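Visitor: Dropping the structure in here first, questions after.
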Amino acid sequence: MYYETSVRIAAPAERVWAVLRDVERWPEWTPTMSQVHRIESAPEYVPGADGPTGELSKGDVVTIKQPRLPTASWTVTAWNPGASFAWTSTNGGTRTVADHQIAPDPDGTSVTVTLSIRQTGPLAGLIALLAGGLTRRYVDTEAASLKSRCEQP
């Protein structure tokens, strides 16, 4: 299964990135996340740099609890500060990659955020059949919730 959605956010890229990278605070602004905890930091982790405030770096491991879904561990597999990150979770015969991209508009006052999710593996088809609708709703809700959070004064 592959699903992608984009949303235009009337906020500078720095504001959107600050909200997006602070994953442990996602439950404050999106109903699709009950709990988000970083459980392991990359070996090059330096306290105070990209640390305990929820900011990520490549190699970090995060657990996420979502309504109606089992708790999952996600490993940050790509990290491009200010522009994008991706993380991967393997659970029940399915590998899921979620990508988060920010593309600033030329005027610098807004951005387009693209969220995508790709599931592969022996059980991916079955998982898509059973939970594909929920997954798509969650991705759409996360995009809309991010827009709402970032456009707040």
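Visitor: Just want the ordering: Asp60, Asp140, from fewest to most Cβ atoms lying within 10 Å of their own Cβ.
Guide: By the 10 Å Cβ count, ascending: Asp140, Asp60.
Visitor: On to the next question. For Rg and Dmax of the Cα atoms in Å, the choices are (1) 29.3, 123; (2) 21.3, 64; (3) 15.1, 46; which was calculated from the structure?
Guide: So the calculated entry is the one marked (3).
Visitor: Still on this model: Work out how much length Lys65 to Ala103 would gain on full extension: take 0.36 nm times their residue separation and subtract the Cα-Cα distance, in nm to one decimal. Display every interim value, and only then the final one.
Guide: Numbers: separation 38, 0.36 × 38 = 13.68 nm, distance 2.80 nm.
Length difference between fully extended and current span is 10.9 nm.
Visitor: What are the ³J(HN,Hα) couplings of the stretch 17-33, residue after residue, when phi is run through the Karplus curve with 6.51, -1.76, 1.60 and θ = phi - 60°? Round to Hz, x for glycine and proline.
Guide: My calculation for the stretch 17-33 gives 4, 4, 6, 5, 6, 8, 5, 5, 9, 4, x, 5, 10, 10, x, 7, 10 Hz in order.
Visitor: Separation of the stretch 80-100 and the stretch 132-153 by C-alpha centroid, Å?
Guide: 17
Visitor: For a quick check of your reading of the filter: which trypsin sites (Lys or Arg not before Pro) in the stretch 51-153 sit in a DSSP loop and have no more than 12 other Cβ atoms within 10 Å? Present the calculation step by step, with values, prior to reporting the outcome.
Guide: Values: sites: Lys58, Lys65, Arg68, Arg95, Arg118, Arg136, Arg137, Lys147, Arg149; in loops: Lys58, Arg68.
Qualifying residues, ordered by number: Arg68.
Visitor: Continuing with the same structure: If exposed GluC sites (Glu not before Pro) are those in a DSSP loop with at most 16 other Cβ within 10 Å, what is the longest stretch of the chain that has none?
Guide: Free of exposed loop sites, the longest segment is 45-150.
Visitor: Moving on. Select from Thr135, Leu115, Ala10 the residue farthest towards the positive end of the dipole of the chain; place +1 on Cβ of Lys and Arg, -1 on Cβ of Asp and Glu, and compute about the Cα centre.
Guide: In the chain, that residue is Thr135.
Visitor: With +1 on the Cβ of every Lys and Arg and -1 on the Cβ of every Asp and Glu, and nothing else charged, how large is the dipole of the chain about its Cα centre, in debye rounded to the nearest 20?
Guide: That gives the chain a dipole magnitude of about 540 debye.
Visitor: Would you calculate, for the chain, the mean residue ellipticity at 222 nm contributed by helices, counting each DSSP H stretch of 4 or more residues as -39,500 (n - 2.57) and dividing by all residues, to the nearest 500?
Guide: When only DSSP H runs of four or more count, the value is -8500 deg cm²/dmol.
Visitor: Full-extension gain between Thr75 and Thr90, please, as 0.36 nm times their residue separation minus the C-alpha to C-alpha distance.
Guide: Numbers: separation 15, 0.36 × 15 = 5.40 nm, distance 0.94 nm.
Length difference between fully extended and current span is 4.5 nm.
Visitor: Moving to a separate point now. Which distance in nm do the two modelled labels at Lys58 and Leu134 give, with both placed 7 Å along the Cα-to-Cβ direction?
Guide: Label at Lys58, label at Leu134, 3.3 nm between them.
Each reported figure results from applying straightforward, stated rules to the coordinates on display, with no laboratory input. Model, not experiment: these values are computed from the prediction. FYI the Cβ positions are ideal-geometry reconstructions off the backbone, even for glycines, and counts take in every protein chain you see.
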